[in-house]
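*Asks:* Below is a structure I'd like to ask you about.
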Amino acid sequence: MLPAKLRLRRRVPRPTAGVLVSLEAAGHPAYLVGGCVRDILQGRPPLDWDIATGALPEQVMHLFERTVPTGLKYGTVTVIQSGVPIQVTTFRSETGYQDHRRPEGVTFIPDLQADLSRRDFTINAMALDARGCLYDPLGGRDDLRRRLVRAVGDPRRRFDEDGLRLLRGVRLVAELGFELEAETGRAMGEKAHLLDHIAPERIGAELARIVQSAHPGKGLVLLERTGLLDRFLPELRAGVGLIQNEHHVFTVWEHTVLAVEHVPPDLTLRLAALLHDVAKPYTLTVGDDGRRHFFGHELLGADMAEEILTRLRFGRPVVDRVRHLVRQHMALHHAPDMKEAAVRRLLARIGQDAIKPLLQLRQADRLASGTKQGPVSEGTARLLGRMERILAGDSALALRDLAVDGHDVQRVTGLPPGPAVGRILRRLLDAVLEEPALNRRQCLEDLARRLAADEDGRV
Ligand code: ATP
Ligand code: MG
C-alpha cells in the first residue's frame with residue numbers, strides 16, 4: 001500500500017496541484033481546504049476546488065495568467081488552470097483585528113489555523129498541502145471516520161454568526177448519510193429561528209441540494225425534528241402526525257418523506273414529491289361513514305406549491321413544472337372506463353413530456369402508501385397502454401399539431417392578433433380531440449369562421 005501522503009497527493013489533479021506549487025514557490029503558504037479535502041479523504045471526486053493562501057488577492061492575480069476577481073473584497077480570486085476553475089482565497093478570520101479597507105468582520109490573517117477555525121463543520125475544516133500533508137487541528141478526520149457532522153467550536157455561537165450553517169449542516173447529513181453530533185443537533189433545534197434572517201434564495205438553494213441528495217429522507221426528517229422546516233416551509237407541518245385513510249399506513253408527513261426517497265434525484269421530481277400532498281391537511285373531510293377524504297387536494301396543492309417555490313426563489317421553469325406535476329399527480333391514478341376522446345383530452349392536459357415524471361411520481365406515491373404492491377395498479381397500466389397507442393398514432397394533442405395555425409385563423413376570420421385568436425385555436429383543438437377526423441385545413445378554417453362569429457358576441 002502507498003504511504004498515506006502519496007495516496008492523498010495522487011488524488012489531486014495536476015492543474016490544482018500546479019496552483020499550490022506556484023503559490024509556494026512565490027513564498028506564500030497554500031493549502032487545499034474545505035469540501036474538496038473532505039472529498040479527497042473519502043475517495044470521492046470533489047465538485048469544486050478551494051485553496052486558502054497567505055497571498056493577498058492582488059498577489060494571486062499577479063502570479064497567474066488567467067484569473068477572475070470573483071470576490072475580491074472577501075479575498076477570493078478564481079484561477080483558471082488548464083480550463084479548471086480553482087477558487088483561491090486569502091486566509092481569513094471573522095474575529096480579531098479589523099482591516100478598515102475590508103467589509104466589516106472580514107480580516108485577512110497570515111495563518112492557516114485561524115482560517116480553519118472560522119469554518120462551519122470539522123469535516124470541512126481540514127487542509128492539505130502540495131506534498132499530501134494533512135492539517136487537521138479540529139479533529140475533522142476522526143469525525144469523518146465516525147461519520148459525524150460537528151460544528152467547529154461552540155455550535156450555538158457558530159450558528160449565531162451565520163444562520164445558513166443550520167441548513168448546511170442538514171445538507172451535509174443528507175449528502176453524506178452522516179449523523180449530527182449530539183450537541184450540534186441540540187444547538188440546531190435551539191437556533192432554528194435564525195433562519196428567519198437568511199435570504200430566501202439561499203434557503204431555497206440548500207433545500208434543492210437536500211432533496212436531490214443521496215439521503216433526502218434523512219435530511220427531511222432532521223429538518224422537521226429540529227424545527228427548521230417550520231421556519232421556511234410551515235405548510236408541511238400540518239401533515240405531521242396526520243393519519244390518512246384505508247389507502248395509507250403512514251401519516252401524511254411520513255408518506256411525503258418516503259415518496260421523496262422513491263423518486264429519482266431530479267430537482268422537479270423531488271420537489272413535486274415533497275409537495276404533492278401539501279394540501280391534504282387543508283382539504284380533509286370525513287364522510288357520514290367515517291371515511292376520510294382529501295377531495296381536490298391536488299388543485300389546492302398546485303397553488304400552494306407555486307406559492308412556496310416562488311417564495312423560496314426557485315426559477316419559473318421549475319415552479320411551473322412542479323406545479324403541473326402536483327396538479328396532475330392523481331391523473332394516472334384511477335382509470336375508470338374512459339372513452340377514447342377522454343383519454344386524448346387527458347393526454348393533451350398532461351402533455352407528452354410529463355407522462356414519464358408523472359408515472360415516476362405515481363409509482364413513488366404508491367410505494368410510499370405502505371398498502372400496495374407492484375409499480376402501478378392494473379387500471380393505471382391499462383390507461384398507459386391506451387396513451388401509448390394514441391401517441392404512436394398521429395392524433396393532434398397540442399396546438400402545434402393542428403392543421404392550421406394562428407396566422408390561418410387571422411386570415412380566414414379577419415381577427416387581429418390577440419387573445420381571441422388563442423381562444424379559437426384552443427376550441428379547434430378541443431374539437432379535434434373529440435373528433436380527430438376534423439384535423440384538416442378546410443374543416444378547421446370553416447369551424448374557425450363559425451367560432452369567430454361567436455367571438456363577435458364578446459366585447
Ligand atoms: P460542496 O463543494 O460539496 O458544495 P463545500 O463544503 O465545499 O461543499 P462550499 O460552499 O464550496 O462547500 O464551501 C467551501 C468551504 O468553505 C466549506 O467546506 C467550509 O469550510 C467553508 N464554508 C462555506 N460556507 C460556510 C459558512 N457559511 N460558514 C463557515 N464556513 C463555510
Ligand atoms: Mg466546495
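Read-outs throughout are calculated quantities, based only on the coordinates presented, and are distinct from any laboratory measurement. Values in this document were obtained by computation on a predicted structure and should not be read as measured data. Every residue, glycine as well, gets a Cβ built from its backbone with ideal geometry; the counts of neighbours run over all protein chains shown.
*Asks:* Take the eigenvalues of the Cα gyration tensor for segment 361-452, scale each by 5, and report the square roots as semi-axes in whole Å, largest first.
*Replies:* 39, 15, 9
*Asks:* Related question: As a check on your grasp of the helix formula, calculate [θ] at 222 nm for the chain: sum -39500 (n - 2.57) over DSSP H runs of n ≥ 4, divide by the residue count, round to the nearest 500.
*Replies:* The helix contribution divided over the chain gives -15500 deg cm²/dmol.
*Asks:* On alpha-carbon atoms, Rg over Rh for segment 198-251 using Kirkwood Rh?
*Replies:* Rg/Rh for segment 198-251 comes to 1.04.
*Asks:* At most 14 other Cβ atoms within 10 Å and a DSSP loop assignment: could you name the chymotrypsin sites (Phe, Trp or Tyr not before Pro) in segment 287-372 that fit?
*Replies:* Counting only loop positions with at most 14 other Cβ atoms within 10 Å, the chymotrypsin sites (Phe, Trp or Tyr not before Pro) in segment 287-372 are Phe295.
*Asks:* Hey, another quick one. With viscosity set to 1.002 mPa s and temperature to 20 °C, compute the Stokes-Einstein D of segment 147-232, Rh being the Kirkwood radius across alpha carbon pairs; µm²/s, no decimals.
*Replies:* 173
*Asks:* With just the Cα atoms defining each centre, how far is segment 416-438 from segment 311-326? Give it in Å.
*Replies:* If you average the Cα positions of each part, the centres end up 27 Å apart.
*Asks:* Going by amide H atoms built from the backbone, whose H comes under 5 Å of the H on Gln81, apart from near neighbours?
*Replies:* Amide H neighbours of Gln81: Ile86.
*Asks:* Report ³J(HN,Hα) in whole Hz for each residue of segment 159-166, in order, from the Karplus equation J = 6.51 cos²θ - 1.76 cosθ + 1.60 where θ = phi - 60°; Gly and Pro get x.
*Replies:* Here the 3J(HN,Hα) series is 6, 4, 5, 7, x, 4, 4, 4 Hz.
*Asks:* Quick one: which of Lys191/Lys356; Lys280/Lys356; Lys191/Lys372; Lys73/Lys218; Lys5/Lys73 span more than 30 angstrom between C-alpha atoms?
*Replies:* Check vs 30 Å cut-off fails for Lys191/Lys356; Lys191/Lys372; Lys73/Lys218; Lys5/Lys73.
*Asks:* Please give me, ordered by residue number, the trypsin sites (Lys or Arg not before Pro) of segment 147-216 that lie in loop per DSSP and have at most 12 other Cβ atoms within 10 Å.
*Replies:* For trypsin sites (Lys or Arg not before Pro) across segment 147-216 that sit outside H, G, I, E and B with at most 12 neighbouring Cβ atoms in 10 Å, the list reads Arg147.
*Asks:* Can you bin every Cα-Cα distance in the chain into 20 Å intervals starting at zero and give me the percent of pairs per bin, rounded to whole numbers?
*Replies:* For the chain, the pair-distance distribution reads 20, 40, 28, 12, 0.
*Asks:* Give the dimensionless ratio obtained when the Cα radius of gyration of segment 399-452 is divided by 2.2 N^0.38 Å.
*Replies:* Dividing the Cα Rg of segment 399-452 by 2.2 N^0.38 Å gives 0.97.
*Asks:* Mind listing which trypsin sites (Lys or Arg not before Pro) in segment 31-88 are in a DSSP loop and have 10 or fewer other Cβ atoms within 10 Å? Intermediate values should be presented prior to the final figure.
*Replies:* Numbers: sites: Arg38, Arg66, Lys73; in loops: Arg66.
Answer in residue order: no site qualifies.
*Asks:* Let me ask something else about it. Taking the Cβ-Cβ separation of Arg225 and Arg349 as r and a Förster radius of 22 Å, what is the calculated FRET efficiency to the nearest 0.05?
*Replies:* 0.05
*Asks:* Which value, in debye to the nearest 20, gives the size of the charge dipole of the chain about its Cα centre, when Lys and Arg are +1 and Asp and Glu are -1 at the Cβ?
*Replies:* Values: 66 positive and 61 negative charges, 188 e Å.
It comes to approximately 900 debye.
*Asks:* Residues of segment 25-62 with the amide nitrogen closer than 13 Å to a label point 7 Å from the Cα of Ala4, along Cα-to-Cβ, please.
*Replies:* Inside the label zone: 41-42.
*Asks:* Rank the residues His28, His197, His255 as a footprinting-exposure proxy: fewest other Cβ atoms within 10 Å of their Cβ go first.
*Replies:* With the sparsest Cβ surroundings first, the list reads His197, His28, His255.
*Asks:* At each listed q (0.13, 0.19 Å⁻¹), what is the log10 of I(q)/I(0) that the Debye formula gives for segment 196-350 modelled as equal alpha-carbon point scatterers?
*Replies:* Rounded to two decimals, the profile gives -0.62, -1.24.
*Asks:* Could you go through segment 440-447 in sequence order and give the Karplus-derived ³J(HN,Hα) for each residue, using 6.51 cos²θ - 1.76 cosθ + 1.60 with θ = phi - 60°, rounded to whole Hz, and x for Gly and Pro?
*Replies:* For segment 440-447, the Karplus-derived couplings read 10, 3, 4, 4, 6, 5, 4, 5 Hz, x marking Gly and Pro.
*Asks:* Which of Asp120, Asp456, Asp162, Asp111 comes first, and how do the rest follow, when ranked by fewest Cβ neighbours within 10 Å?
*Replies:* Asp456, Asp111, Asp162, Asp120
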